Amino acid sequence: MKKFMFELCAETLEAVEAGERGGADRAELCVRLEVGGLTPPLALTVAAVGAVSMPIFVLIRPREGDFVYSAAEFDGMKKQVEEARQAGAGGVVLGVLRGDGRIDVERSRELVELARPMAVTYHRAFDRTPDLSEALETVIATGADYLLTSGGAPRVLEGAEALATLVRQAGERIRILAGGGLRLANLAEIVERSGVQCLHGSLSHHAKDGATLEARVREAVGEMKSIFCCQ
């Protein structure tokens with residue numbers, strides 16, 4: 001397995017294509033990032049899968065707000081997982097919480113099992129749980145392959161120390177994917193302080209005036225290569 005990974009968070013087909021040209025390892029596909037991201041239209045998923053060779057991970061989130069879902073909403077999520085698999089997605093990104101804010105193990109595991117053979121990322125619903133250490137063990141129990149987290153902080157740089165703790169606790173059982181406010185300017189500091197090897201971001205803030213998304217992805221990937229080739 002490659003030592004490091006960069007996942008681009010993308011809302012459009014153009015962003016997905018730019019990410020692949022820039023060297024991203026994969027893309028998380030969603031819409032409406034202003035509310036934290038929602039499930040993309042199936043037509044966009046199909047187009048993205050057909051346009052690039054890198055894996056497309058589809059966000060499974062039917063609405064904005066909390067992550068406590070009704071029976072009808074949960075049925076809709078199961079349908080979205082099946083549609084993503086049928087479209088040829090490489091993975092899905094999901095998360096379900098209980099009313100007390102803890103991980104809903106049973107429902108989350110059901111979605112993980114339904115998703116196979118796709119890979120599964122448990123998303124930043126994790127950051128809303130009251131005890132990150134307990135929640136990490138619970139996420140691992142769902143069978144998820146990756147955990148996307150900012151270390152419980154609003155932005156990933158602020159959560160770097162908590163991320164370091166999670167990385168040590170996780171060991172080889174699940175890959176920690178650090179995201180939430182990732183910037184080119186803070187990428188190296190996040191890696192150094194947290195020990196993460198996988199980063200996630202939309203790179204919506206330019207590294208240089210007028211830089212294209214492709215150029216920003218290439219810069220991020222290049223910086224990660226320079227960090228990890230020396231370890």
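None of the figures in this text is laboratory data; all of them are computed from the coordinates on show. Remember, predicted model here, so these are calculated numbers, not experimental data. No Cβ is skipped: glycine too gets one built from the backbone with ideal geometry, and neighbour counts run over all protein chains shown.
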Q) Between K79 and R193, what FRET efficiency follows from the Cβ-Cβ distance if R0 is 30 Å, with the result rounded to 0.05? A) 0.15
Q. HN-Hα J couplings of the range 126-134 from phi, Karplus 6.51/-1.76/1.60, θ = phi - 60°, integer Hz, Gly and Pro as x?
A. 3, 5, 8, 6, x, 9, 5, 5, 4
Q) Under the Karplus relation 6.51 cos²θ - 1.76 cosθ + 1.60, θ = phi - 60°, what is the ordered set of whole-Hz ³J(HN,Hα) values for the range 140-157, x standing for Gly and Pro? A) 4, 5, 6, x, 4, 8, 9, 10, 8, 8, 9, x, x, 9, x, 10, 4, 5
**Q.** E106-E172 FRET efficiency (beta carbon distance; Förster radius 22 Å; 0.05 resolution)
**A.** 0.30
**Q.** Longest DSSP-loop-exposure-free segment, trypsin sites (Lys or Arg not before Pro), the chain, at most 15 other Cβ within 10 Å
**A.** 103-172
Q: Could you tell me what % of all Cα pairs in the range 71-187 have separations over 24 Å?
A: 26
**Q.** Nonlocal amide H pairs with C198, under 5 Å, H built at 1.01 Å
**A.** M5, A178
Q. Among the GluC sites (Glu not before Pro) within the range 29-87, which fall in a DSSP loop and have no more than 13 other Cβ atoms within 10 Å of their own Cβ?
A. E64
Q. With each pseudo-label sitting 7 Å past Cα toward Cβ, what's the T12-L33 distance in nm, one decimal?
A. 1.1
Q. Once phi is turned into ³J(HN,Hα) by the Karplus curve 6.51 cos²θ - 1.76 cosθ + 1.60 with θ = phi - 60°, what whole-Hz value does each residue of the range 35-49 show in order, with x for glycine and proline?
A. 10, x, x, 9, 4, x, x, 4, 4, 5, 4, 4, 5, 5, 4
Q.
Antiparallel versus total DSSP beta bridges in the range 23-114: what percent is that, nearest 5?
A. 25
Q | Charged-residue dipole, Cβ positions (Lys, Arg, Asp, Glu), the chain about Cα centre, Debye nearest 20 | A | 340
Q. From the Cα gyration tensor of the chain, with a ≥ b ≥ c the square roots of its eigenvalues, which class applies: rounded if a/c is under 1.5, or else prolate if a/b is larger than b/c, or else oblate?
A. oblate
Q) Residues with amide H under 5 Å of R61's amide H, sequence separation 5 or more or different chain, H placed in the peptide plane at 1.01 Å from N; which? A) T39
**Q.** In the range 160-231, the GluC sites (Glu not before Pro) that fall in loop regions by DSSP, at most 10 other Cβ within 10 Å
**A.** E172
